[in-house]
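The values are calculated or read from the model by the stated rules, or taken from the named source; none is laboratory data. Please read all numbers here as calculations on a predicted model, not as lab measurements. Counting neighbours? That spans all protein chains shown, and the Cβs are built from the backbone with ideal geometry, glycine included. The protein model used for the area step is the full one, side chains on, heavy atoms only, and it has no ligands, DNA or RNA in it. Shrake-Rupley method; radii C 1.70, N 1.55, O 1.52, S 1.80 Å.
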Amino acid sequence: MHRLIFSLILLSLTCGSYAAEVNNLYHAQLPIDSRDEQKRDQLTPALLKQVIVKVVGNSSEVEKADLTAVLDKATTLVQQYEYHRTNVVQADLTQPDQLVLKQRFDADGVNKAIRDLGLPVWGRVRPDILAWVALKQDGKQTLLGLENSETKLIQPLNEAAEQRGLPILLPLMDLQDLSQVSFDAVWQQDNAVIQAASLRYGADILLLAQVNQDNGNATIEWQALIDGDIKRWQSQGKLPDAFKHGIGELADVLANRFSQTIDTNQAVQRLQMNISDVMDYGDFTRTMTYLRQLDYITDIRVMNLNEQKLDLDIAFNGNLQVLQRTLAVGRMLTEETSFDSNGAKSYRLLP
């Protein structure tokens with residue numbers, strides 16, 4: 001079932017990716033040994049801290065802050081909780097299911113608490129990340145994909161991404177992928193080959209991982225292609241820990257680009273946007289839907305819509321440069337020129 005869901009997500013990416021809205025940003029879950037109310041309340045601060053790390057984006061920023069006052073009132077921010085049992089992915093399939101507590105926290109309350117601490121906020125709309133993972137394990141070489149990999153190999157990566165609020169997707173590794181990408185291309189970080197094969201998915205960021213697993217321990221060499229820049233780092237440990245630390249490093253890097261500290265006392269800023277190639281009502285609708293998803297935008301006024309051009313006046317909080325970076329993800333709007341004489345910014349709507 002999980003593979004079907006991810007396959008459908010990837011199919012939608014091939015039709016055009018407009019960035020990903022992270023729907024579980026204010027959710028967190030942890031194992032628990034009973035449904036006792038007192039134990040649930042004891043676990044709630046740890047779950048809230050998980051959410052704060054996801055929303056802030058940069059874990060080091062959270063670790064430097066004094067969260068005591070916020071965590072002390074963690075139970076007042078809980079909107080919903082539920083228990084469920086989950087499979088523990090191990091070689092021994094006789095392991096019993098694990099009881100898990102899942103909680104959803106109030107987004108407005110969490111965001112206010114974060115702002116009061118002077119910490120940055122990273123919105124729900126985040127860049128799509130396509131992960132090419134080459135795994136050497138027990139003398140075997142494998143490229144992880146949705147159509148050729150076991151759940152026990154994919155699940156640690158998915159869990160690491162979910163904990164940090166990153167929309168990471170794996171390639172299908174169907175016949176089209178296999179005809180373009182070899183194990184060696186990913187292992188040797190052949191960026192030209194990887195970029196060509198990734199076009200069908202329309203992702204904003206390409207992530208390469210060389211996973212060398214031996215006797216239960218893994219060393220992962222990571223590379224990310226981010227808006228023309230190349231970032232490299234390494235993580236080690238048991239496979240779940242190595243994925244967790246490596247994905248955490250990527251989240252920290254991206255948060256530095258897309259998160260920002262919002263001062264509610266600062267006057268709201270405005271930006272005029274002239275968007276060309278808005279051909280019909282469908283184009284207008286998807287443009288407005290996309291812009292309304294962006295947390296930093298507080299108001300949108302339609303100033304003009306004719307001759308395949310949409311003129312907007314938007315109000316936003318925070319830094320203009322961060323807003324522009326956010327607008328650039330999703331391959332929906334491309335910046336055409338710098339500001340014109342009237343202070344408007346020109347964009348073109350991509351098909």
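Restricting attention to the stretch 154-208, report how many residues are of a type in the set (Val, Ile, Thr) and either part of a loop (DSSP other than H, G, I, E, B) or open to solvent by 40 Å² or more (accessible area, probe 1.4 Å) (or both).
Going through the stretch 154-208 one residue at a time, the tally reaches 2.
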Legend entry - Scope the stretch 215-249; condition touching a residue at least 60 places away in the same chain (Cβ under 8 Å) and more than 18 Å from the chain's Cα centre (by Cα); matching residues: 239, 240
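Yes or no, residue by residue, for (1) of a type outside the set (Asp, Glu); (2) open to solvent by 40 Å² or more (accessible area, probe 1.4 Å); (3) in contact with a Leu (Cβ under 9 Å, 6 or more places away or on another chain):
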| position | (1), (2), (3) |
| --- | --- |
| 310 | yes, no, yes |
| 316 | yes, no, yes |
| 319 | yes, yes, no |
| 331 | yes, yes, yes |
| 335 | no, yes, yes |
| 345 | yes, no, yes |
Legend entry - Filter result for residue 277 (in contact (Cβ under 8 Å) with a residue 60 or more places away in the chain, in contact with a strand residue (DSSP E or B) (Cβ under 6 Å, 6 or more places away or on another chain) and at positive phi): yes
Inset, instruction - Out of 326, 298, 337, 289, report the one residue that is part of a strand (DSSP E or B) and either touching a Gly at 6+ places or on another chain (Cβ under 9 Å) or at negative phi (or both). - result: 298
Legend entry - Members of the stretch 264-274 that are farther than 12 Å from residue 344 by Cβ and either without any contact (Cβ under 8 Å) to a residue 24 or more places away in the chain or open to solvent by less than 30 Å² (accessible area, probe 1.4 Å) (or both): 265, 267
Inset, instruction - Please specify each residue of the stretch 209-234 satisfying the condition of being open to solvent by less than 10 Å² (accessible area, probe 1.4 Å) and under 15 Å from residue 156 (Cβ atoms). - result: 209, 211, 218, 220, 222
Inset, instruction - Tell me, please, whether a residue that is surrounded by fewer than 18 Cβ atoms within 10 Å (Cβ to Cβ), modelled with pLDDT under 95 and in a strand (DSSP E or B) can be found in the stretch 12-26. - result: yes
Inset, instruction - Please work out if residue 235 is within 30 Å of residue 313 (Cα to Cα), touching a strand residue (DSSP E or B) at 6+ places or on another chain (Cβ under 6 Å) and of a type in the set (Ser, Thr, Tyr). - result: no
